[in-house]
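Here the structure is laid out as structure tokens; the discussion comes afterwards.
The values are calculated or read from the model by the stated rules, or taken from the named source; none is laboratory data. Not measured: the values here are computed from a predicted model. Here the Cβ positions follow ideal geometry from the backbone for every residue, glycine too, while neighbour counts run over all protein chains shown. When the accessible area is computed, the model is the full protein with side chains, heavy atoms only, and any ligands, DNA or RNA have been set aside. Shrake-Rupley method; radii C 1.70, N 1.55, O 1.52, S 1.80 Å.
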2 protein chains.
Amino acid sequence: MNASVRDSALLCQQAAIQIAELSTDSKNALLRSMADALQAQSATILAANAEDMSAARVKGISEAMLDRLALDDSRVGGIAEALRQVAALPDPVGQVTRSERSDKGFSIERVRVPLGVIAMIYEARPNVTADAAALCIKAGNGVILRGGSEAVRSNQAIAACLRGALRDAGLSEHALMLLDDLSREAMLELMQLSDIVDLIIPRGGEGLIRFVTENARVPVIKHYKGVCHLYVDARADLDKALDILVDGKVSRPSACNSLETVLVHADVAAGFLPRAVRALRERGVELVGDSRARELCPDMAPATDEDFAAEFLSLKLAVGIVDSEDAAIAHIRRFGSDHTEVIVTEDKVAADRFIHALRSAVVMVNTSSRFSDGGELGLGAEIGISTTRLHSYGPMGAEALTIERFVLRGDGQVRHAESRV
Amino acid sequence: MNASVRDSALLCQQAAIQIAELSTDSKNALLRSMADALQAQSATILAANAEDMSAARVKGISEAMLDRLALDDSRVGGIAEALRQVAALPDPVGQVTRSERSDKGFSIERVRVPLGVIAMIYEARPNVTADAAALCIKAGNGVILRGGSEAVRSNQAIAACLRGALRDAGLSEHALMLLDDLSREAMLELMQLSDIVDLIIPRGGEGLIRFVTENARVPVIKHYKGVCHLYVDARADLDKALDILVDGKVSRPSACNSLETVLVHADVAAGFLPRAVRALRERGVELVGDSRARELCPDMAPATDEDFAAEFLSLKLAVGIVDSEDAAIAHIRRFGSDHTEVIVTEDKVAADRFIHALRSAVVMVNTSSRFSDGGELGLGAEIGISTTRLHSYGPMGAEALTIERFVLRGDGQVRHAESRV
């Protein structure tokens, strides 16, 4: 297999040239036909997914992972709908983001072009296979996917649909490569193909991220964990805070934009925490707290530093009480993952301070961490949420899979007058 | 020394928080006082540079390198002027690049924030020390510089001025670190400080670029060689082509935006090449050519593949004759370095084809490759010209040293209605 990783990547690079040259209409038609193919072959995809689910249950993987892996008709419909949304989005390729005229008389344009070939290495969630392929293709790129072993049958079924749509459009199916059978050595080889692969996106847990960042020669944008915080300020509207807390923890706890820690200002703790604990427990949430939270709610287990640093991905929440906004900011700087942080406050100064003091990709005032999502933020589908502070930070859509370059058009201008012959 | 690389970087990270919080006016005043300090201490800088030049001559380094290293009053004035230009530029930090309202009622802003700590590893040119520091500070970052051993005294003299200006402004001088005495092992350590350093920029030759890309755990943006091409199309205005050729080769051949190869369409070769050869030879340019160029100009030495791939950085030029625009594009794809390519043509279709077929950072029609420069393209000073297709591609100014993130402001919105308590 090793010998062919480079060959596969080269085929993808060749096919990517075709994708880069497609018109917007052709790309959108292709994406819609991919969506149609997914729905037409939904039964095949669900059968493959059922096999993955059985195997995963035998392996004893966690409920959070099972939830990420599971497909049903509605989720397949959602995947197809996401592709149609990507088709409906503006085409980033060829966009002129700035246009100026030099005082020398030539025009200067910044124009978006595809990155080239994008490799994505991800874990359980099979919808990523379709989302990543759609976004890469919309942005004019070739894409090499390596999904998790738990989802191998689901991913193959989905990729087969998408590659079929490429063929039906008269294009090379190699523009989308699914290399699910890669050994660790072959993955290493893929990550070092810096003359072929323009970007590698790892999306998953610590082991995967470390493996990629320590070994890649290709540029990496990490899509790492979300240890998202809610800070309930002294001047919070406690009803809003409670809704935002329940929304951020209870709905789909396995998503990276779920809340893992709530920090409550001491002035409002007595008025907020008991209510919050009741509402969360009614919804099955397990709570761990620092010593001051446990004074207020004695039946809460103690929270360790590991708890405060954890991405639980389940119905578990860490609770802390702080004496000031500064203490909340210090806690988030220490334990946060640069993903998404929320403050609930009616105090504009406190809100601005929170925004400016934290360097996370998404910072919110009085709204739910669940909106930290490419679809909700107007990107259509997202390839993930970047926690790398370079190129793209936060939810990453098709535009983030292009790069601006310079196009100059002149009429014989030279920089040095003495160069005139 | 090794033990203190991490400590130095940590000091820089701490100091960078101060820089990130400076107002625009404070940053601009700081940059102007740095410029004043450089000019006030010009004699000290020139004395240090004279020592570097003597040592370099003893080591027998090339004329191109000596030219890059040399300072005089006018060049020091130019460095100071570049800092004042950076002061006069708009502040990228805090810029709201997009502002929308979600259909859920919250606002979504994209806001530019500093990257954090930027490390730059570069070779001979001492002006880079000031340019890089100024741009990083303008963008709210801390900066760690590691210049070439040839320029060590010049760089130390320049950095001493700049750090003095930081102290005079009541700031920590650690926001600008010059680590010129780093061993190779210490450089390796610096490149792997992924919890402290947010970006590493190597700018120089193949050895440096390879050393960094093979060893860095920190994200890398390469500023690699410029093998820039001029293609003289069948429908070129030959007078424009000649001026652009002379400008691109003769003025400061050691710069990365100088032309290394001219490709001439066969239809105009007889009318263009002998004139071009005469004009270039009068200006001291050595020419090497392919077999067809040598048929027209028999006293030209033969060009090898190595010549076509070379960044000469001197008054040497490779010449080829091609039968079509496609052949020119194929040649550039094979030998180019993704830096800057120029077509001279009056044919709009040929110009557009050239632009779309090539993926270089800067593509130009009918104007000189010398305009591939941050100052000429409106960026003020530049930290270099990125040949990495990620984050920033082409000339890279202060804005490219920031990242956009998301700021949401709402009024209690949740994503799932059932989360309302």
Mean per-residue count of partner chain Cβ within 10 Å for B:356-364 equals 5
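Per residue, how much accessible surface does the stretch B:228-371 expose to a 1.4 Å probe? Answer in Å², no decimals.
Counting only protein heavy atoms, the per-residue value for the stretch B:228-371 is 34 Å².
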Could you let me know the centre-to-centre spacing of the stretch A:231-270 and the stretch A:28-68, using Cα atoms, in angstrom?
-> 33 Å
Quick one: divide the alpha-carbon radius of gyration of the protein assembly as shown by 2.2 N^0.38 Å and tell me what you get.
-> 1.00
Compute the relative contact order of chain A as a whole-number percentage, counting only Cα pairs closer than 8 Å that sit 6 or more residues apart in sequence.
-> 18 percent
How far is A:Asp181 from itself in the other copies, in nm, if each label sits 7 Å out from Cα along the Cα-Cβ line, shortest first?
-> 5.8
Sort the following peptides by mean Cβ neighbour count (other Cβ atoms within 10 Å, averaged over residues), highest first: A:28-39, A:129-140, B:32-43.
-> A:129-140, A:28-39, B:32-43
Using the Cα centre as the reference, give the magnitude of the dipole from point charges on the C-beta atoms of chain A (Lys, Arg: +1; Asp, Glu: -1; all else neutral), rounded to the nearest 20 debye.
-> 760 debye
Just add up the charged neighbours of B:Ser54: K/R +1, D/E -1, any other residue whose Cβ is under 14 Å from the Cβ of B:Ser54.
-> 0
Under 13 Å from the Cα of B:Lys59, which aspartates and glutamates turn up, not counting those fewer than eight places away in the same chain?
-> B:Glu51, B:Glu150
Expressed as a whole number of Å, what is the distance separating the alpha-carbon centroids of the stretch B:178-195 and the stretch B:78-146?
-> 23 Å
Measure off, as a whole percent, the carbon and sulfur share of the 1.4 Å-probe accessible area of the stretch A:92-241, all protein chains present.
-> 42 percent
How would B:Cys256, B:Cys12 line up by accessible area, probe 1.4 Å, largest first?
-> B:Cys256, B:Cys12
If we restrict to alpha carbons, what Rg and Dmax does the stretch B:228-371 come to, in Å?
-> 13.2, 36
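Show me the three semi-axes of the equivalent ellipsoid for the stretch B:1-101, from the C-alpha gyration tensor (sqrt of 5 times each eigenvalue), largest first, rounded to whole Å. Show your work: numbers first, answer last.
Values: eigenvalues 226, 88, 43 Å².
In descending order, the three semi-axes are 34, 21, 15 Å.
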Can you spot the lysines whose alpha carbon is less than 26 Å from A:Lys27's alpha carbon? Ignore those fewer than 8 places along the same chain.
-> A:Lys138, B:Lys348
Over what distance in Å are the Cα centres of the stretch B:289-344 and the stretch B:373-395 separated?
-> 25 Å
Label point 7 Å beyond Cα along the C-beta direction, distances from B:Asp323 to other copies (nm, shortest first) | 8.4
Regarding the stretch A:234-308, what whole-number volume in Å³ per residue does the convex hull of its Cα atoms give?
-> 93 Å³
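Chains B and A: what accessible area do they bury, summed, in square angstrom to the nearest 100, with a 1.4 Å probe?
Buried surface at the B/A interface: approximately 6400 Å².
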Over the stretch B:291-337, what percent of the accessible surface lies on carbon and sulfur atoms, probe 1.4 Å?
-> 50 percent
At each listed q (0.08, 0.11, 0.13 Å⁻¹), what is the log10 of I(q)/I(0) that the Debye formula gives for chain A modelled as equal alpha-carbon point scatterers?
-> -0.50, -0.87, -1.11
Accessible area per residue, Å², the stretch B:1-45 with all protein chains present, probe 1.4 Å = 50 Å²
Helix-derived mean residue ellipticity, 222 nm - over chain A, DSSP H n ≥ 4, -39500 (n - 2.57), to 500 = -14000 deg cm²/dmol
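Are there trypsin sites (Lys or Arg not before Pro) in the stretch B:160-265 that DSSP puts in a loop and that have at most 11 other Cβ atoms within 10 Å, and which ones?
Filter output for the stretch B:160-265: empty list.
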How many nanometers, to one decimal and shortest first, lie between the label point of A:Ser149 and those of its other copies, if labels sit 7 Å from Cα toward Cβ?
-> 4.7
Whose Cβ in chain B comes nearest the axis that rotates B onto A, and by how many Å?
-> B:His391, 2
Eligible aspartates and glutamates near A:Lys316 by straight Cα distance, threshold 15 Å, same-chain separation 8 or greater | A:Glu63, A:Asp247, A:Glu260, A:Glu282, A:Glu286, A:Asp290, A:Asp299, A:Asp305, A:Glu306, A:Asp307
